[in-house]
1. Anything in the range 291-301 that is surrounded by fewer than 16 Cβ atoms within 10 Å (Cβ to Cβ) and touching a residue at least 12 places away in the same chain (Cβ under 8 Å)? List them, or say none.
2. Any idea which of (1) modelled with pLDDT of 95 or more; (2) open to solvent by 30 Å² or more (accessible area, probe 1.4 Å); (3) part of a helix (DSSP H, G or I) is the one Asn234 doesn't satisfy?
3. What number of residues within the range 80-102 satisfy the criterion of being surrounded by 23 or more Cβ atoms within 10 Å (Cβ to Cβ) and in a loop (DSSP other than H, G, I, E, B)?
4. For the condition under 20 Å from the mean Cα position of the chain (by Cα) and within 21 Å of Pro220 (Cα to Cα), what is the one hit in Leu147, Leu155?
5. Please tell me if Gly283 is within 16 Å of the ligand (Cβ to nearest atom) and touching a Pro at 6+ places or on another chain (Cβ under 8 Å).
6. Considering only the range 238-256, state which residues are of a type in the set (Gly, Ala, Ser) and either touching a His at 6+ places or on another chain (Cβ under 9 Å) or within 22 Å of Asp188 (Cβ to Cβ) (or both).
7. Would the range 267-280 turn up any residue that is under 25 Å from Ala93 (Cβ atoms), buried (at least 21 other Cβ atoms within 10 Å of the Cβ), more than 16 Å from the ligand (Cβ to nearest atom) and among the hydroxyl-bearing types (Ser, Thr, Tyr)?
8. Are there any pairs with C-beta distances below 9 angstrom linking a residue in the range 263-275 that is closer than 24 Å to Ile169 by Cα to a residue that is part of a helix (DSSP H, G or I) and open to solvent by 60 Å² or more (accessible area, probe 1.4 Å), with the two at least 6 apart or on different chains, and if so which?
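The values are calculated or read from the model by the stated rules, or taken from the named source; none is laboratory data. Computed from a predicted structure; not experimentally measured. Counting neighbours? That spans all protein chains shown, and the Cβs are built from the backbone with ideal geometry, glycine included. Ligands, DNA and RNA are excluded from the accessible area calculation, which covers all protein heavy atoms including side chains. Shrake-Rupley method; radii C 1.70, N 1.55, O 1.52, S 1.80 Å.
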Amino acid sequence: MNVHGLFPQYRPRRLRQTPALRRLVAETRLSASQLVLPFFARAGKKLRVPVASMPGVFQLSPDELLRDATAAHQAGVPAVMLFGIPERKDEQASEAYAKTGIVPETIRLLKQELPELIIIADVCLCEYMSHGHCGVIHQDARGTRVLNDPSLALLAKSSLCYAEAGADIVAPSDMMDGRVQAIRQLLDRSGFEDTPILSYAAKFASAFYGPFRDAAESTPKSGDRRGYQMDAANAEEALREVALDIREGADMVMVKPALAYLDLIYRVKTEFGYPTAAYAVSGEYAQIKAAGQLGWINEKALFLETHLAMRRAGADIIITYAAADLARWLKEDPA
Ligand code: PBG
């Protein structure tokens with residue numbers, strides 16, 4: 001755009017005079033059809049355990065999860081993302097790829113009752129490992145190390161397990177190198193060549209994940225995730241991560257968190273042109289909820305504004321705990 005060529009009597013306010021006119025010239029729209037609602041599934045019946053740091057979010061047994069997924073779907077949310085809280089954790093994350101595990105069980109129920117709903121299975125080991133890391137660990141005098149290659153087979157096995165249960169999309173969030181290729185190869189060899197992979201390609205080590213770890217009971221027992229998740233300082237490296245995952249076979253790529261990384265949503269979308277997802281993570285949700293509850297900000301207006309900003313930056317898809325509320329608000333008052 002050449003600003004020097006502007007008409008001298010250009011008055012931008014002419015097009016801001018009425019709501020209809022503003023909507024007519026809006027460059028970006030937020031729609032329920034772009035939203036994904038995450039859920040935390042745990043074994044049991046009629047179970048709704050509130051997550052203290054995420055008001056409005058619960059750990060749910062499959063029957064209750066079905067109820068909330070149905071309501072969200074009716075409000076216009078096309079997709080859900082599933083995280084599992086297993087009954088047993090061990091050093092091999094066995095429950096992550098057990099056919100009887102909580103995530104495959106929930107997938108089968110949702111597929112049966114809501115066949116139109118898109119089910120995205122998050123693939124990671126941290127919820128299922130006794131130590132809470134996203135891969136297999138090795139401990140020696142030098143401390144705890146998360147081993148890359150031995151983790152790949154477990155991630156691939158988990159992905160296949162969810163695809164077999166009926167997941168429409170698998171989404172690895174572990175940040176091990178080479179996981180997209182390992183998952184793609186096993187899915188292809190097993191007759192799931194049509195199951196897409198949504199890769200958490202540029203996932204940063206972030207303090208915004210705090211409330212999620214309460215919800216998923218996945219805080220590492222020792223150390224942190226900086227040895228595998230990205231350093232907040234690095235944008236060029238994020239583009240390399242995305243390039244690698246696309247080369248390994250990712251169908252969609254993600255930037256996570258969203259609001260503090262809008263520059264990367266923009267760059268990833270412009271550079272690669274792939275379907276790009278932004279994950280508005282637990283801490284982003286919690287801070288808006290908390291300030292809203294204190295009466296310090298307008299929660300609804302801020303959720304709408306921040307999610308529109310993610311779209312403006314280039315996100316095609318937004319994974320957000322506010323998806324059902326946003327869908328209802330957008331129906332009342334389209335953006
Ligand atoms: C698992 C995983 C995490 C999130 C999504 N998948 C937590 C983490 O990496 O510690 C965070 C989501 C959120 O904060 O809402 N690896």
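1. Gln293
2. (3)
3. 3
4. Numbers: Leu147 fails: under 20 Å from the mean Cα position of the chain (by Cα).
Sole residue among the options that is under 20 Å from the mean Cα position of the chain (by Cα) and within 21 Å of Pro220 (Cα to Cα): Leu155.
5. Spelling it out, Gly283 is indeed within 16 Å of the ligand (Cβ to nearest atom) and touching a Pro at 6+ places or on another chain (Cβ under 8 Å).
6. Taking the range 238-256 first, the residues of a type in the set (Gly, Ala, Ser) are 238, 243, 249-250.
Correct list: Ala243, Gly249, Ala250.
7. Going residue by residue through the range 267-280, those that are under 25 Å from Ala93 (Cβ atoms) are 277, 279.
Keeping just the survivors that are buried (at least 21 other Cβ atoms within 10 Å of the Cβ) gives 277, 279.
Okay, now just the ones that are also more than 16 Å from the ligand (Cβ to nearest atom), so none.
Checking the range 267-280: not a single residue is under 25 Å from Ala93 (Cβ atoms), buried (at least 21 other Cβ atoms within 10 Å of the Cβ), more than 16 Å from the ligand (Cβ to nearest atom) and among the hydroxyl-bearing types (Ser, Thr, Tyr).
8. Tyr266/Arg312
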